Structures are given as structure tokens and as C-alpha cells.
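Below is one structure; the comments refer to it alone.
The values are calculated or read from the model by the stated rules, or taken from the named source; none is laboratory data. Bear in mind the structure is a predicted one, so any value in this text is a computation, not a measurement. Cβ atoms come from the backbone with ideal geometry, glycine included; neighbour counts cover every protein chain shown.
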Protein chains: 2
Amino acid sequence: MQKPAKHIFVCTSSRPNGTQKGFCHTKEGVDVMQKFMEEIEERGNGGEVFLSNTGCFGICEKGPIVVVYPDNVWYGSVTADDVADILDSHIEGGKPVDRLLI
Amino acid sequence: MQKPAKHIFVCTSSRPNGTQKGFCHTKEGVDVMQKFMEEIEERGNGGEVFLSNTGCFGICEKGPIVVVYPDNVWYGSVTADDVADILDSHIEGGKPVDRLLI
């Protein structure tokens, strides 16, 4: 299979049993996920950039959380307005967005 | 924050809107997730090894899917019986489990 060059994980507090609670869900994690989906589709780089929603990362007070692998870069307090910046600077430009790092 | 040395992602087909459908869910992805939780707690390496459930990776025919980052190693058709092997060989021993690679 073709592996992703970058894999973006967005906490949407999706629990394995299907229920959904928690801070990232409350704090607009789903909006962030939605914005990433739209931007990646628009930029046409979905073949190299994978996007997944996740369950809780356990650092809810810093949410919404976005993690980029294989870089192991962790972002906190991410809003939908930050998504273009993460894609421009980090995913396409190779430079993580310092102001969002946790 | 302390970043994980290894981050294990298990597809449980958790959708951002809270509903849960899809192959990995049907194919015991939740059992695999549960087994990882138990094993990691038992081994006491939860500080270095993170575990997250995810939404669909889009390769359902190969599910249940397990991905290990930052290694970017992808496993398919994983069952609860494979979990100890992945932890022993890959996570603790540094050697991915060849028979499960996709």
C-alpha cells in the first residue's frame, strides 16, 4: 500500500463504543476535522496526506489536539482558522507552526 | 509535554459525528483496541506507548487496521491474538511483525 507522507490526526473524542463526549468534541474538534477535510480535498494532496479522527489523547485541557506523524508534532488549542496555516507551513512547507506547539 | 516513543492507532471506525459503522468495527477492531489497553496497562509502559482509536483509514478490506507511528508501519487483519506479538516484537523489541504487514 502507499503510505502517507504526512498523517494528520484530529481528536474528536470518538470513543471506541461509538459514544462521543469530552473536551475536544465540545471545543470544536469536529469543526477542525471538517476544515482539514475540505482543505485537503481542495489542495488535491489527499494521496500523500492522510487525515484521521481519533479518540481522546488524555490532554483535554490543551484541546482541540492535532498530531502530525511521522513528525510526532503535537498542536493544541487548534481552531478551524489554524488549519490553512498548518497545511501551508508544516505539511507543504516542512516548518511546524510554532505558536500552536504543545 | 512528554511525547510518545510509540503511538499505536487502532481503527474502530469511529466517525467524527459519533456514529460507528464500517468493517473494522464489524471485524473486531474494538476487541483489538481493548486487548491493547489491557496489555499496555499490564506491562506498565503506558507512559511511553500511547494508544488511540481512530476513524476509518479507507482500506477496510484489509481491516482491522493497526498503525504504529512514528514508524509508519501498517498492519492488517489484526486480531486480539496478535496484540501480544506486536507489543513483544515491535514495540518492545523494535522488530515489526512481518506476517501482519500490509
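Selection within the range A:4-26: residues that are modelled with pLDDT of 95 or more and part of a loop (DSSP other than H, G, I, E, B). The member of this set that is nearest to the other protein chains (Cβ to nearest Cβ) is A:Pro4.
The requirement of being free of Cβ contacts under 8 Å to residues at least 40 places away in the same chain, facing chain A (nearest Cβ under 10 Å) and surrounded by 23 or more Cβ atoms within 10 Å (Cβ to Cβ) is satisfied by B:Met33.
In this structure, does B:Gly94 turn out to be surrounded by fewer than 19 Cβ atoms within 10 Å (Cβ to Cβ) and either farther than 20 Å from A:His7 by Cα or not basic (Lys, Arg) (or both)? It is true that B:Gly94 is surrounded by fewer than 19 Cβ atoms within 10 Å (Cβ to Cβ) and either farther than 20 Å from A:His7 by Cα or not basic (Lys, Arg) (or both).
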